[in-house]
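**Q** Here it is, the structure in full.
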Amino acid sequence: MFTGLIETIGTIRQAAGESPRRITVASSIPNEDVAIGDSVAIDGVCQTVVHRDSTGLTFEAATETLRRTTLGSLRVGDKVHLERALRLDGRLDGHLVMGHVDGVGKVTRLEQRQSALYVSVDAPKEVARLTVARGSIAMAGVSLTVTDVSGNVVTVALIPHTLIATRFGELRVGADVNLEADLLARYVERLLEGSETPGSLTEEWLKDKGFA
């Protein structure tokens, strides 16, 4: 589990193979602070460290991960967000992020409004339906507050600090980004499945319950 607060930006040193795809990332995270088997989120995708050396941390991405995320399109030299898994004795300053990407969205609009950059993303419908204004979403592993949802288009506002602390300062229209819906929204949807539809107050329902 993660917070969506990026620790550092890494650089892809190796991205080879298909199943699994071996990915090596160089970063400022000290090797001694990461053990084999530890979980690290790469652009919001939870991956397991399988090797570490002076060139960086190495992961192996499975076929399903490559299909559902942007890891399959990574190339040497690409920049990625990195975050180590949340410690139970640490602070939760973002929101709970599982590192299980729900889908890939495409940036459709970038609009500068005063000091904030508003980013609109065409999200998969399974992500959009779980997203609400003023709710949370993880975009490329970054915890963000949603400003607007219109159909399948989700918009967030990036403050200057976020643009500096992440690679979003280089974001371009047409870019693909990993998206993870808010964990709470997932559970609420599951709880509502099979329940009576909210607002279904009809004459038939009243008669059935003995009110009419």
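Every read-out reported here was derived from the displayed coordinates using simple, explicitly stated rules and does not represent laboratory data. This is a predicted model, so every value here is computed, not measured. Heads up, the Cβs are rebuilt from the backbone with ideal geometry, glycines too, and the neighbour counts pull from every protein chain shown.
**Q** Report the residues of the stretch 28-52 in range of a label on A85: point 7 Å along Cα→C-beta, backbone N strictly under 20 Å from it.
**A** 29-52
**Q** Suppose R0 equals 30 Å. What FRET efficiency, 1/(1 + (r/R0)^6) with r the Cβ-Cβ distance, do A35 and E126 give to the nearest 0.05?
**A** Working from the Cβ atoms, E equals 0.30.
**Q** Let me ask something else. Which length gain, in nm to one decimal place, applies between L163 and L96 when the Cα-Cα distance is subtracted from 0.36 nm times their residue separation?
**A** Between L163 and L96, full extension yields 22.0 nm more.
**Q** Could you please rank D122, D102, placing first whichever residue has the fewest other Cβ atoms within 10 Å of its Cβ?
**A** In order of increasing Cβ crowding within 10 Å: D122, D102.
**Q** While we're here: Using a 10 Å cut-off around each Cβ, can you sort H81, H161, H51, H100 from fewest to most neighbouring Cβ atoms?
**A** H161, H51, H100, H81
**Q** So if I restrict to the alpha-carbon atoms in the stretch 41-140, what is the Rg, and what is Dmax, the biggest pairwise distance, in Å?
**A** Using the Cα atoms of the stretch 41-140, the pair Rg, Dmax is 15.6, 44 Å.
**Q** Let me ask something else about it. So what are the radius of gyration and Dmax for the Cα set of the stretch 8-84, in Å?
**A** Considering the stretch 8-84 through its Cα atoms, Rg and Dmax are 11.0, 32 Å.
**Q** Going by how many other beta carbons lie within 10 Å of each one, how would you line up D53, D38, fewest first?
**A** With the sparsest Cβ surroundings first, the list reads D53, D38.
**Q** For D53 and Q14, calculate 0.36 nm times their separation in residues minus their Cα-Cα distance, and state this gained length in nm to one decimal.
**A** 12.7 nm
**Q** Taking only Cα atoms, what is the 0 to 90° angle, nearest 10, from helix 183-192's long axis to the longest principal axis of the chain?
**A** With both axes taken from Cα atoms, the answer is about 30 degrees.
**Q** Here's a follow-up. Could you tell me what fraction of 2.2 N^0.38 Å the Cα radius of gyration of the stretch 103-191 comes to, as a two-decimal ratio?
**A** Normalised Rg, Cα atoms only: 1.02.
**Q** While we're looking at this one, here's another question. For the chain, what D do you get in µm² per second when you plug the Kirkwood radius from alpha-carbon pairs into Stokes-Einstein at 20 °C and 1.002 mPa s?
**A** In µm²/s, the coefficient rounds to 116.
**Q** If each DSSP helix of 4+ residues adds -39,500 (n - 2.57) and the sum is divided by the residues in the chain, what number results at 222 nm, nearest 500 deg cm²/dmol?
**A** Helices in the chain give a 222 nm mean residue ellipticity of -3500 deg cm²/dmol.
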